[in-house]
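Visitor: Please find one structure pasted underneath; my questions will follow.
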Amino acid sequence: TNDFIDALEVDAIFMPVRKVNYEIETLTIPEDQAREHLLLDIYTDGSITPKNSIIKASEHLIKLLTPLTNPDFLNLPVAEETSNSKMIKIEDLNLSVRAYNCLKRAQINTPFDLMNF
(Lines give C-alpha, C1' and ligand atoms only; values in the text may rest on other atoms or scores of the structure.)
Protein backbone atom coordinates (compact mmCIF):
# COMPACT_ATOMS: atom_id res chain seq x y z
CA THR A 1 0.00 0.00 0.00
CA ASN A 2 1.12 3.52 -0.77
CA ASP A 3 0.47 6.22 1.85
CA PHE A 4 1.27 9.05 -0.58
CA ILE A 5 -1.72 10.62 -2.30
CA ASP A 6 0.19 12.62 -4.92
CA ALA A 7 2.74 9.95 -5.83
CA LEU A 8 3.17 8.46 -9.26
CA GLU A 9 5.28 5.34 -9.47
CA VAL A 10 7.32 5.23 -12.64
CA ASP A 11 9.62 2.49 -13.83
CA ALA A 12 13.17 3.83 -14.01
CA ILE A 13 13.72 2.01 -17.30
CA PHE A 14 11.24 3.16 -19.91
CA MET A 15 11.83 1.51 -23.25
CA PRO A 16 8.76 1.73 -25.49
CA VAL A 17 10.56 0.10 -28.44
CA ARG A 18 10.52 -3.63 -27.87
CA LYS A 19 12.22 -4.96 -30.97
CA VAL A 20 13.77 -3.70 -34.21
CA ASN A 21 14.66 -5.74 -37.27
CA TYR A 22 16.45 -4.28 -40.24
CA GLU A 23 17.32 -5.39 -43.71
CA ILE A 24 19.38 -3.69 -46.38
CA GLU A 25 18.30 -4.35 -49.95
CA THR A 26 20.50 -3.53 -52.90
CA LEU A 27 18.51 -2.35 -55.88
CA THR A 28 19.97 -1.89 -59.33
CA ILE A 29 18.56 0.83 -61.51
CA PRO A 30 18.88 1.18 -65.30
CA GLU A 31 21.85 3.58 -65.14
CA ASP A 32 24.00 0.75 -63.70
CA GLN A 33 23.98 2.39 -60.30
CA ALA A 34 23.35 0.44 -57.15
CA ARG A 35 21.11 1.87 -54.48
CA GLU A 36 20.48 0.52 -51.06
CA HIS A 37 17.17 0.61 -49.24
CA LEU A 38 16.93 0.24 -45.49
CA LEU A 39 13.87 -1.67 -44.33
CA LEU A 40 12.95 -1.36 -40.64
CA ASP A 41 10.45 -3.43 -38.66
CA ILE A 42 9.80 -1.60 -35.40
CA TYR A 43 7.76 -3.16 -32.60
CA THR A 44 6.65 -0.95 -29.71
CA ASP A 45 4.63 -1.36 -26.53
CA GLY A 46 1.92 0.95 -27.92
CA SER A 47 2.91 4.06 -25.96
CA ILE A 48 4.66 5.41 -29.08
CA THR A 49 4.10 4.69 -32.74
CA PRO A 50 6.87 3.12 -34.81
CA LYS A 51 6.94 6.27 -36.96
CA ASN A 52 7.44 8.52 -33.90
CA SER A 53 10.09 6.20 -32.50
CA ILE A 54 12.19 6.48 -35.67
CA ILE A 55 11.73 10.26 -35.63
CA LYS A 56 12.95 10.45 -32.02
CA ALA A 57 15.87 8.12 -32.72
CA SER A 58 16.85 10.21 -35.75
CA GLU A 59 16.77 13.39 -33.68
CA HIS A 60 19.04 11.79 -31.08
CA LEU A 61 21.49 10.60 -33.73
CA ILE A 62 21.61 14.02 -35.39
CA LYS A 63 22.27 15.68 -32.04
CA LEU A 64 24.96 13.12 -31.25
CA LEU A 65 26.74 13.26 -34.62
CA THR A 66 26.46 17.00 -35.42
CA PRO A 67 29.69 17.89 -33.55
CA LEU A 68 31.55 15.60 -35.95
CA THR A 69 30.71 17.97 -38.82
CA ASN A 70 32.90 20.65 -37.25
CA PRO A 71 36.12 20.86 -39.31
CA ASP A 72 38.11 21.57 -36.14
CA PHE A 73 36.79 18.43 -34.42
CA LEU A 74 39.95 16.45 -35.11
CA ASN A 75 42.15 19.35 -34.04
CA LEU A 76 40.76 19.56 -30.52
CA PRO A 77 43.42 19.25 -27.82
CA VAL A 78 43.75 15.79 -26.35
CA ALA A 79 44.28 15.47 -22.62
CA GLU A 80 47.71 14.19 -21.72
CA GLU A 81 47.91 10.80 -20.12
CA THR A 82 48.89 10.88 -16.49
CA SER A 83 51.66 8.63 -15.31
CA ASN A 84 49.17 6.82 -13.03
CA SER A 85 46.97 5.70 -15.92
CA LYS A 86 50.01 4.28 -17.69
CA MET A 87 50.85 2.15 -14.68
CA ILE A 88 47.48 0.42 -14.17
CA LYS A 89 47.85 -3.29 -14.88
CA ILE A 90 45.11 -5.21 -16.66
CA GLU A 91 45.11 -7.62 -13.73
CA ASP A 92 43.58 -4.81 -11.63
CA LEU A 93 40.67 -4.15 -14.01
CA ASN A 94 38.44 -7.10 -13.04
CA LEU A 95 38.18 -8.31 -16.63
CA SER A 96 36.59 -11.58 -17.62
CA VAL A 97 39.01 -14.48 -18.01
CA ARG A 98 38.50 -14.49 -21.76
CA ALA A 99 39.21 -10.76 -22.16
CA TYR A 100 42.23 -11.00 -19.86
CA ASN A 101 43.67 -13.95 -21.79
CA CYS A 102 43.15 -12.20 -25.15
CA LEU A 103 44.96 -9.10 -23.95
CA LYS A 104 47.82 -11.10 -22.43
CA ARG A 105 48.17 -13.12 -25.63
CA ALA A 106 48.55 -9.84 -27.55
CA GLN A 107 51.16 -8.71 -24.99
CA ILE A 108 48.95 -5.87 -23.73
CA ASN A 109 49.66 -5.26 -20.06
CA THR A 110 48.09 -1.83 -19.43
CA PRO A 111 45.17 0.19 -20.86
CA PHE A 112 47.82 2.52 -22.28
CA ASP A 113 49.26 -0.40 -24.26
CA LEU A 114 45.79 -1.12 -25.61
CA MET A 115 45.28 2.50 -26.71
CA ASN A 116 48.58 2.36 -28.62
CA PHE A 117 47.87 -1.05 -30.15
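Visitor: Under the condition of being out of contact with any Leu (no Cβ under 9 Å at 6 or more places or on another chain), assigned to a helix (DSSP H, G or I) and among the aliphatic types (A, V, I, L, M), which residue from region 42-67 is farthest from Val17 (Cα to Cα)?
Guide: Looking at residues that are out of contact with any Leu (no Cβ under 9 Å at 6 or more places or on another chain), assigned to a helix (DSSP H, G or I) and among the aliphatic types (A, V, I, L, M), I get Leu65.
Visitor: With the requirement that a residue be more than 21 Å from Phe14 (Cα to Cα), over 20 Å from the mean Cα position of the chain (by Cα) and not acidic (Asp, Glu), what does region 27-60 give you?
Guide: Result: Leu27, Thr28, Ile29, Pro30, Gln33, Ala34, Arg35, His37, Leu39.
Visitor: Moving on. Can you go through Ile48, Ile55, Ile62, Ile42 and tell me which one is open to solvent by 100 Å² or more (accessible area, probe 1.4 Å), modelled with pLDDT of 90 or more and among the β-branched types (Val, Ile, Thr)?
Guide: Values: Ile48 fails: open to solvent by 100 Å² or more (accessible area, probe 1.4 Å); Ile55 fails: open to solvent by 100 Å² or more (accessible area, probe 1.4 Å); Ile42 fails: open to solvent by 100 Å² or more (accessible area, probe 1.4 Å).
Testing whether each residue is open to solvent by 100 Å² or more (accessible area, probe 1.4 Å), modelled with pLDDT of 90 or more and among the β-branched types (Val, Ile, Thr) leaves just Ile62.
The values are calculated or read from the model by the stated rules, or taken from the named source; none is laboratory data. None of the values given here were measured: they were computed from a predicted structure. Backbone-built Cβ (ideal geometry, glycine too); neighbour counts: all protein chains shown. The area values use the complete protein model at the heavy-atom level, side chains included, leaving out ligands, DNA and RNA. Shrake-Rupley method; radii C 1.70, N 1.55, O 1.52, S 1.80 Å.
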